[in-house]
Amino acid sequence: MPLTTEQEHRNLAKRHRKARIFARFCAAVTWSGVVLLGLLLYQVSIDGFGWLDWQFLDSFPSRFPERAGIKSALVGTVWLIALVAVISIPVGVSTALYLEEFAGRGRIAKIIEVNIANLAGVPSIVYGILGLAIFVRYFALERSLISGALTMSLLILPVIIIASREAIKTVPQGIRSAAYSLGATKWQTTWAHVLPASFPGIMTGVILALSRAIGETAPLIMIGALTFVAFLPEGPMDSFTALPIQIYNWVSRPQEEFHELAAAGIIILLAVLLIMNATAIYIRNKTERRLK
Amino acid sequence: MTQEIDTDTPVAEIQDVPRAPASIKKSGVRWGEFLIKGWLGLCAFVSIVTTAAIVILLLSETLNFFDTVSPGEFFLGTTWTPLFEPSSYGVLPLVWGTMIVTIGAAIIAIPTGLASAIYLSEYASDEVRRIIKPVLELLAGIPTVVYGYFALTFVTPLLRSVIPDIQVFNALSAAIVVGIMILPMIATLSDNALRAVPESLRQGAYALGATSYEVTTRVVVPAGLSGVMASFLLAISRAIGETMAVTLAAGQTPNMSLSMFESIQTMTAYIVQVSLGDTPTGGIAYQTLFAVATLLFVITLVINIVSQVILNRFREVYE
């Protein structure tokens, strides 16, 4: 039975109303995510801001909240990230270069590729157990910075490899052909042309991967980074603590003051992450413009 | 300035063509290239070694564990008290704890994440996208220990003011923060999937008189469904492996309670609990660590593989 004009009009109005409501609902949900981030940051800053001073940055942890600080955690994190960078960047970028430039499309390349995709999805705590059993126990590196750095490097390697491959893929084939036609070898082409051309993309991926390593807590707890360290590590074999570990320690205590200390620690941690992320976004935006 | 080209002399008669240097004529193996390729291959091999190490380590210690505890007791037992007498090794309470936190997080994050993805890809202007995308990336980059802090100092007190008899450590608070944590992941990945749906499909549906709601729910989302489903699965696998927020918010009480207002313990929280204490190497408590980790590894691996299969096999390719 055909609809009358009036019914059609009503029907259409109803459908459009539904569409409007749906659009507003989706917008409201998304913006509430933004508001939530704002709320979270606000909450952390009103809790922790009062504790942020030079004394907080320059003191060791303490049973007394007013004397506690994050000096050893901050220094530990800097050590850790430096070691992770030294280990994971060469290995990760080399793997990406191998897969993109040298391995071809063979079976081995395919296996490595699938394998890396799966490694990227392994929970971080499993890497922690691996680090505990292999580096801490089997190689007897103890609960040292180097154990933590090796574990963390394995954790972020898939991220670096995947990001670097994406960057290398964007290098135009013409650049390689031009190098070959001038008589360059494969490695000369890769080193002098492909790598510099993909460098900004690789840097972005590396920075994001390292910022993930800064925030990871579970693997460090597994390998036994200490929660109370009243000294500064002086070499890779020293035991250490790191910012997220110190924050975890403070959050898990019942006293209100320690929660506020944790908030102050979180402000420092987020500030470090924000600076790294901003650098990555800056590099990305700058190179996007240049390539176009 | 033009140079005269001698076109009369046949090419074969030109005498003083420089000879190719010997190194090109007799180019054998280039050792430098060979070594570098070897080094790069070695680096690529690290990832294989890592996987092998994880699998061998987890399997061997788990087999040791099964020498003492029967698989039947481990998989079917409903009491988990490995650290004190009388010890009992039924892993179900831990699996249950992980499951209710994950399901709670999924109930929160899947609808909201998908709605955000739809807003970003279908409704938002370019300027709005430029604001919201980085915000989502920032949310995704916040360390999980910070979400734990958020759960303990903000979500739980809020819940306690609404539901007075909720415990200090409870599954609900953990589920909420884990939901917030995986939301950006669902939103950004689904947004990518929806934006890959070609504009012509939308135009066609609009031309038939469909409203934006109908275009979105009956054309765009079905067309991008493989990517959307994959994003759900990856987020769920992330929630299962999530450690710090659930350890801080949900507590350390393995039980199979139906109530989300009570303290529970997830698989990951148990692993943290053992490693914080001083458990001797080789003991049965040390081996439970690997048994639980193996289970966690297998569950997340299966989910990740399923999501890859969905992506590869069911992807609609539009040219």
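Model label sites at B:V49 and B:R129, defined 7 Å from Cα along the beta-carbon direction, differ in position by 4.3 nm. Per-residue 3J(HN,Hα) values for region B:57-74, derived from phi via the Karplus relation 6.51 cos²θ - 1.76 cosθ + 1.60 with θ = phi - 60°, read 4, 4, 5, 5, 5, 5, 5, 4, 4, 6, 5, 8, 10, 6, x, x, 5, 5 Hz in sequence order (x marks Gly and Pro).
Taking other Cβ atoms within 10 Å as a rough exposure proxy, A:M237, B:M244 sort from fewest to most as A:M237, B:M244. For A:E234 and B:I305, what is the calculated FRET efficiency with R₀ set at 41 Å and r taken between the beta-carbons, to the nearest 0.05? About 0.40, to the nearest 0.05. Between 0 and 90 degrees, the angle of helix B:126-141 with respect to the longest Cα principal axis of chain B falls at about 60 degrees. Report note on the peptides A:83-95, B:297-309: ranked by the mean count of other C-beta atoms within 10 Å, highest first, their order is A:83-95, B:297-309. Reducing region A:51-108 and region A:240-292 to their Cα centroids gives an inter-centroid distance of 12 Å.
Which of B:G113, B:G77, B:G241 moves the most in a Gaussian network model of chain B with Cα springs under 10 Å? Of B:G113, B:G77, B:G241, the Gaussian network model singles out B:G77 as fluctuating most.
In summary, the helical segments of chain A meeting the span-like criteria, namely a full DSSP H run, a Cα extent along the axis of 27 angstrom or more and a mean Kyte-Doolittle hydropathy of at least 1.6, are A:71-97, A:145-169. Peptide B:109-115 has a mean shielding of 3, counted as Cβ atoms of other protein chains within 10 Å of each residue's Cβ. Let me know the shape class of chain B, please: from the alpha-carbon gyration tensor, a ≥ b ≥ c as square roots of the eigenvalues, rounded when a/c is under 1.5, otherwise prolate if a/b is greater than b/c, or oblate. Judged from the Cα gyration tensor, chain B comes out oblate (a/c at least 1.5, b/c at or above a/b). Ordered by the count of other Cβ atoms within 10 Å of each Cβ, fewest first, A:D58, A:D238 give A:D58, A:D238.
Residues whose amide H comes within less than 5 Å of that of A:T241, counting only those at least five positions distant or on another chain, are A:G76 (H built at 1.01 Å from N in the peptide plane). Would you grab the residues whose amide H sits under 5 Å from the one on B:S88? Only those 5+ places off in sequence or on another chain, please, with H modelled 1.01 Å from N. The answer is B:T81. Distance distribution note for region A:186-276: the fraction of Cα pairs above 21 angstrom is 50%. Other protein chain C-beta atoms within 10 Å of residue C-beta, averaged over B:205-217: 3. Put a dot 7 Å past the Cα of B:W39, heading toward its Cβ, do the same for A:A278, and the two dots end up 3.6 nm apart. Working note: 222 nm ellipticity from helices only, DSSP H runs with n ≥ 4, each -39,500 (n - 2.57), summed and divided by the residues of chain A, gives -24000 deg cm²/dmol to the nearest 500. For the residues A:F228, A:F139, A:F56, a GNM of chain A with alpha-carbon springs under 10 Å puts the largest fluctuation on A:F139. Between A:L182 and B:W31, the distance separating the two model label sites (each 7 Å from Cα on the Cα→Cβ line) works out to 2.7 nm.
Using r as the Cβ-Cβ distance of A:E8 and B:E199, and R0 as 35 Å, what FRET efficiency do you calculate, to the nearest 0.05? It comes out at approximately 0.80. For the residues A:S181, A:S239, A:S62, a GNM of chain A with alpha-carbon springs under 10 Å puts the largest fluctuation on A:S181.
Remark: relative contact order (chain A) = 25 percent; criterion is Cα-Cα distance under 8 angstrom and separation of 6 or more residues. Quick one: angle between helix B:225-241 and the longest Cα principal axis of chain B, in degrees between 0 and 90, rounded to 10, please. Result, in degrees: 50. Cβ-to-Cβ counts within 10 Å put A:V229, B:V101 in ascending order as A:V229, B:V101, the fewest first.
The amide H of B:G224, built 1.01 Å from its N in the peptide plane, has no neighbour under 5 Å, considering only residues 5 or more places off or on other chains. Inter-part distance, region B:123-172 to region A:146-223, computed on C-alpha centroids, equals 32 Å.
We did not get these values from a lab; they are worked out from the coordinates using the rules stated. Please read all numbers here as calculations on a predicted model, not as lab measurements. Ideal geometry is used to build each Cβ from the backbone, glycine not excepted, and the neighbour counts take in all protein chains shown.
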